[in-house]
1. Enumerate the amide H contacts of Val3 below 5 Å, restricted to partners 5 or more residues apart or on another chain; note that Pro and chain-start residues carry no placed amide H.
2. In percent, how large is the relative contact order of the range 1-93, given Cα pairs closer than 8 Å and 6 or more residues apart?
3. What number results when the radius of gyration of the chain, computed over Cα atoms, is divided by 2.2 N^0.38 Å?
4. If you take every residue apart from Arg43 with its C-beta less than 12 Å away from the C-beta of Arg43, what net charge results, scoring Lys and Arg +1 and Asp and Glu -1?
5. With a probe of 1.4 Å, find how much accessible area the chain has per residue, and write the answer as a whole number in Å².
6. Only Cα pairs under 8 Å and at least 6 apart count here; give the relative contact order of the range 30-73 as a rounded whole percent.
7. Tell me whether the range 18-100 comes out rounded, prolate or oblate; compute the Cα gyration tensor, take square roots of the eigenvalues as a ≥ b ≥ c, and use a/c under 1.5 as the rounded threshold.
8. Label points 7 Å out from Cα along the Cβ direction at Ala112 and Ser68: separation in nm?
Amino acid sequence: MGVSELPACGTWDVFCHLMHRYARGRVYSDWAQTNLVPAQYFRDPARLPLYYKQNHWLPLVNNELPESRNETFRENFTSLNSLVLVLFSNDTTVVPKESGWFGSYAPTDDAAWTRADPPPIIPMREHPLYTEDWVGLKTLDERGAVVELTCEGPHMHIARACWEPLVE
């Protein structure tokens, strides 16, 4: 579903906080969307209309735009034998961490929401992407082809005990 927050800053890291403010204000600019891959994953629940209009990649991959839904993408996605979704228990890179399982923050009118007081999470199976089967996720899940895995630790710190059962 995308990320909705930049990696956390230290409490007293003034430069980091200034850069966050600068980046959030320009993440949907043409330059950022064309040149910065992380900007293409950004999905701000307080600015969804701007996200739909300016994000050049993620709304298309998520099949979020009714006028641009790609049935071929959906067909290809549903042809997967299995889909392994990994959530890292202490993830501060992918925010919300539930995005690893196609969850997302609920839309909000509060443009001042913070990591400490975020909007509620819409779990995968309650999200329109799933319930309306925009990308074929519901089809895969009903077929038993979706595996949801939680790995303990921070983003991409995959202990052998987490991944090994998947490949045996």
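The values are calculated or read from the model by the stated rules, or taken from the named source; none is laboratory data. All of these numbers come straight from a predicted model, not from anything done at the bench. Here the Cβ positions follow ideal geometry from the backbone for every residue, glycine too, while neighbour counts run over all protein chains shown. The protein model used for the area step is the full one, side chains on, heavy atoms only, and it has no ligands, DNA or RNA in it. Shrake-Rupley method; radii C 1.70, N 1.55, O 1.52, S 1.80 Å.
1. Amide H neighbours of Val3, under 5 Å, 5+ apart: Phe42, Arg43.
2. Value for the range 1-93: 29 percent.
3. 1.09
4. Net of charged neighbours comes to -2.
5. Accessible surface, normalised per residue, equals 59 Å².
6. Reported as a whole number, the value is 29 percent.
7. Because a/c hits 1.5 or more and a/b fails to exceed b/c, the range 18-100 counts as oblate.
8. In this crude spin-label approximation the distance works out to 3.2 nm.
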